[in-house]
């Protein structure tokens, strides 16, 4: 069967051309797999574009399919509300297209397998990151059946077998088959290993077929509400400091980095010129709002089973668990004392050992979260930079009165001793804790049955 003839007129505008290209791709998807590449070539010819013009059209099409920025406040707030979706892996993975780039043989495939295993079982990935139990799909292009089996045996691989699915063949033209597999299995997390193989073994920033691959993966993730992780390679070590790569080390960075929602760099650290057992994941792009750009997760790697165990966050003095605990502790403190209003200093003093500086940043983040119940008001009557008082909003109490600094805030709590010290020593913190008349502390976090229910959608 020969490829069909497309009856397209030369586009009079870019908008018309993009629509014709989009319509043409839908028709090409109906062809047998072996004929789709020919159909794409014919589509280009019948649109009347040379290769350079066609590449530009593909790039414009990809951009036009992205979420357009809201033009008004009402639209912005509605957009924020619709976007608040619980991540599939807390503090790690959200819906959309995510890139994980690293050196060859650095353990990217093992990381992906361990992540998918945790998702199928609803377990914590690497002992830290809580997952949402779901079906997963591994598009394995870099390994044979035998190599994959050896990897699983070494890992002691133990997923929920009914939730773990495979594809062993894929190309930029195989999207109908990928879509069908995802829809049939109910998959929520897809791993493609690797992007180089999926692109046919060659990645060029000017390659239209590769551009279509990135565009259609983005489109598929958004349409089906799934997370797609693409494993990608970087250039070999070029005397990088402590072996840490940058985004410029990725192959085909023009299309790859710009076309993904979120991106990570993955590497194994070096000490005295020799690699050690510490593996790093650095967030370099965060369109989903899941992880702050620049965050570096560190893992211990086992030489026996290759599995990763979470160690902590580089350059942080507290663990990820502690950060989460502090957020919830401060949030629940304000909820418990609604409608009372507290300055950042007062919140910090009633929740030791949180420092005032850290508390200011934390409260600002809580206030800025979509659908947050934490609000702030300016403290009137002062000079210079404005100060704020923070409070909870759950539909109870009167929030209309402005806060004034002419008198202490009406908190109903006994002020702690030596409250002026924002960086108290451990000894003074003990004394503060003893003098405060605080509500029953929620030490157990959300796993504690006495922990109040969340008042917002995260």
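The values are calculated or read from the model by the stated rules, or taken from the named source; none is laboratory data. Every value quoted in this text rests on a predicted model; they were computed, and no experiment measured them. Using ideal geometry, Cβ is built from the backbone for each residue, glycine included, and neighbour counts are taken over all protein chains shown.
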Taking the range 367-376 and keeping only residues that are touching a strand residue (DSSP E or B) at 6+ places or on another chain (Cβ under 8 Å) and either surrounded by fewer than 16 Cβ atoms within 10 Å (Cβ to Cβ) or over 15 Å from residue 392 (Cβ atoms) (or both), one is left with 367
Residues 172, 159: which one is farther than 29 Å from residue 310 by Cβ, in contact with a helix residue (DSSP H, G or I) (Cβ under 6 Å, 6 or more places away or on another chain) and in the same structural domain as residue 227 (by TED's automatic domain parsing)?
-> 172
Among 234, 229, the single one that is assigned by TED's automatic domain parsing to the domain that holds residue 109, at pLDDT 90 or above and either buried (at least 18 other Cβ atoms within 10 Å of the Cβ) or over 17 Å from residue 214 (Cα atoms) (or both) is 229
Take the residues of the range 138-166 that are under 20 Å from residue 200 (Cα atoms) and touching a strand residue (DSSP E or B) at 6+ places or on another chain (Cβ under 7 Å): which is surrounded by the fewest Cβ atoms within 10 Å (Cβ to Cβ)?
-> 166
Single unsatisfied condition, residue 266 versus (1) within 19 Å of the chain's Cα centre (by Cα); (2) in a loop (DSSP other than H, G, I, E, B); (3) touching a residue at least 12 places away in the same chain (Cβ under 8 Å) | (2)
Select from the range 96-133 the residues that are on the phi > 0 side of the Ramachandran plot and surrounded by 19 or more Cβ atoms within 10 Å (Cβ to Cβ) and list them in ascending order.
-> 96, 107, 126
For the range 18-42, pairs from a residue that is outside any helix (DSSP H, G or I) to a residue that is crowded, with 19+ Cβ neighbours inside 10 Å, with Cβ under 6 Å and 6 or more apart or across chains, are 31/39
Number of positions in the range 167-183 that are surrounded by fewer than 20 Cβ atoms within 10 Å (Cβ to Cβ), out of contact with any strand residue (DSSP E or B) (no Cβ under 9 Å at 6 or more places or on another chain) and in a helix (DSSP H, G or I) | 4
Looking at this structure, is residue 386 more than 19 Å from residue 332 (Cα to Cα), at pLDDT 70 or above and loosely packed, with under 12 Cβ neighbours inside 10 Å?
-> yes
Return yes or no: is residue 126 at pLDDT 85 or above, under 25 Å from residue 214 (Cα atoms), assigned by TED's automatic domain parsing to the domain that holds residue 291 and under 18 Å from the mean Cα position of the chain (by Cα)?
-> no
